[in-house]
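The values are calculated or read from the model by the stated rules, or taken from the named source; none is laboratory data. Worth saying up front: this structure is predicted, and the values here are computed from it rather than measured. Cβ sites come from the backbone with ideal geometry, for glycine too, and all protein chains shown count toward neighbours. Keep in mind that these areas ignore ligands, DNA and RNA; they rest on the heavy atoms of the full protein, side chains included. Shrake-Rupley method; radii C 1.70, N 1.55, O 1.52, S 1.80 Å.
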Amino acid sequence: MSETASPPRRLPLPTGYRFAATVGQLSLGRHDPCARFVDGDYYWATRTPAGPATLVLRREADTLLATGFGPGADWVLAQADAVAGLRDDLTGFAECAASHPVVARLARSHGGVRLPTTRSLFPRLLRAIFEQKVTGIEAYRAYAATVRHFRQPAPGPLGGRLLLPPTPEAVAATPYWTFHPFGVEQRRAETLRRAAASAARLVRCRDSTEATARLTAIAGIGPWTAAEVVRTVFGDPDAVSVGDYHIPNTVAWALAGEARGDDARMLELLAPFRGHRGRVCTLLAAAGVAAPRFGPRAPLRSFASY
């Protein structure tokens, strides 16, 4: 499983390209069991129509060297430039960014952050469901524990240090209470099982619009989850995570100097950037922009004993 199935690809990079900030969008934290940096190289494990695969991306000056491992190596190599954000279409962004001084500055200083396109839907949906209405730490613990429960080493040089995301079939067949020790209550566990049962239809979606419609037709999946998925699966630059706890405040603070904002205010402020509203939110995150915090942090909860 460790042999390279196809010759490596060398991908030229645009001026100012931000490697870590771009591909890092595919990981949930530094220790994501399916996608992470190791010694400066980025490893991304996935399941492809041809079988399991690992894509390794290494930056060498003004190029990326892409190497594929496993039965799906040809598939991930063909998709490598998209995964690295190099198919990201910036058409029209410079013009709309110029309409606001903050966004114009972000476009200059963080324009090298591109949006990946993975075409690997269920693994991103798995993670998004675990991120619903919980803290980042809780989401990571549930996600990582679930991946390890269905443990399958990814092909490539890391062996068992890198794992494949679980198959939809395995998740759909797992009783909801199996996820309780991982910190997942029944509501999210059942949502995950329903999504897994629908995965065969979801992976046939041709674009972001179709995927959003099919995703939000599943009980327990709303606009926030759909946007989180399509932004990286289809590289949708307009996908806005409506219903997020922090993003409306961030947008209101950055674009209007208002410490708090709701979804309606966020969408109003983002309206001039239609077509790239999600990109604006991504650049705000890359720049570390955050609204002032008031009150205590959200508590960490445990559902392990439920």
Selection from the stretch 134-155 of residues that are modelled with pLDDT of 95 or more and part of a loop (DSSP other than H, G, I, E, B): Phe150, Arg151, Gln152, Ala154, Pro155
Evaluation of Leu192 against (1) within 19 Å of the chain's Cα centre (by Cα); (2) surrounded by fewer than 21 Cβ atoms within 10 Å (Cβ to Cβ); (3) of a type in the set (A, V, I, L, M, F, W, C) (one fails), failing number: (2)
Cβ-Cβ under 8 Å pairs, at least 6 apart or on other chains, the stretch 230-243 side polar (S, T, N, Q), far side assigned to a loop (DSSP other than H, G, I, E, B): Thr232/Leu115; Thr232/Pro116; Thr232/Thr117; Thr232/Thr118
Residue match in the stretch 112-124 (condition: more than 18 Å from Arg30 (Cα to Cα), open to solvent by less than 30 Å² (accessible area, probe 1.4 Å), among the aromatic types (Phe, Trp, Tyr) and at pLDDT 95 or above): yes
Scope the stretch 266-293; condition touching a residue at least 12 places away in the same chain (Cβ under 8 Å), farther than 21 Å from Thr232 by Cα and open to solvent by 60 Å² or more (accessible area, probe 1.4 Å); matching residues: Pro272, Ala290
Selection from the stretch 200-250 of residues that are in a helix (DSSP H, G or I), among the small types (Gly, Ala, Ser) and under 17 Å from the mean Cα position of the chain (by Cα): Ser208, Ala211, Ala226, Ala227
Residue in the stretch 106-133 that is farthest from Ala200 (Cα to Cα), counting only those that are of a type in the set (Ser, Thr, Tyr) and outside any helix (DSSP H, G or I): Thr117
Selection status of Ile221, surrounded by 15 or more Cβ atoms within 10 Å (Cβ to Cβ), more than 23 Å from Gly288 (Cβ to Cβ) and β-branched (Val, Ile, Thr): yes
Single condition Asp236 does not satisfy, out of (1) in contact with a Cys (Cβ under 9 Å, 6 or more places away or on another chain); (2) closer than 19 Å to Leu26 by Cα: (1)
Failed criterion for Arg161 (all others in (1) over 26 Å from Arg206 (Cβ atoms); (2) in contact with an Asp or Glu (Cβ under 9 Å, 6 or more places away or on another chain) hold): (2)
Glu190 among the acidic types (Asp, Glu), touching a helix residue (DSSP H, G or I) at 6+ places or on another chain (Cβ under 7 Å), closer than 25 Å to Thr174 by Cα and touching a residue at least 40 places away in the same chain (Cβ under 8 Å): no
Residue match in the stretch 294-301 (condition: within 24 Å of the chain's Cα centre (by Cα), surrounded by fewer than 17 Cβ atoms within 10 Å (Cβ to Cβ) and at pLDDT 95 or above): no
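Is there a residue in the stretch 39-49 that is touching a helix residue (DSSP H, G or I) at 6+ places or on another chain (Cβ under 8 Å), of a type in the set (Phe, Trp, Tyr) and under 25 Å from Val229 (Cα atoms)? Explain how you work it out, then say what you get.
In the first step, residues of the stretch 39-49 are kept if they are touching a helix residue (DSSP H, G or I) at 6+ places or on another chain (Cβ under 8 Å); the result is 42, 44, 46-49.
From the residues that got through so far, the ones that are of a type in the set (Phe, Trp, Tyr) too are 42, 44.
Now drop any that are not under 25 Å from Val229 (Cα atoms), which leaves 42, 44.
So far as the stretch 39-49 goes, yes, one or more of its residues are touching a helix residue (DSSP H, G or I) at 6+ places or on another chain (Cβ under 8 Å), of a type in the set (Phe, Trp, Tyr) and under 25 Å from Val229 (Cα atoms).
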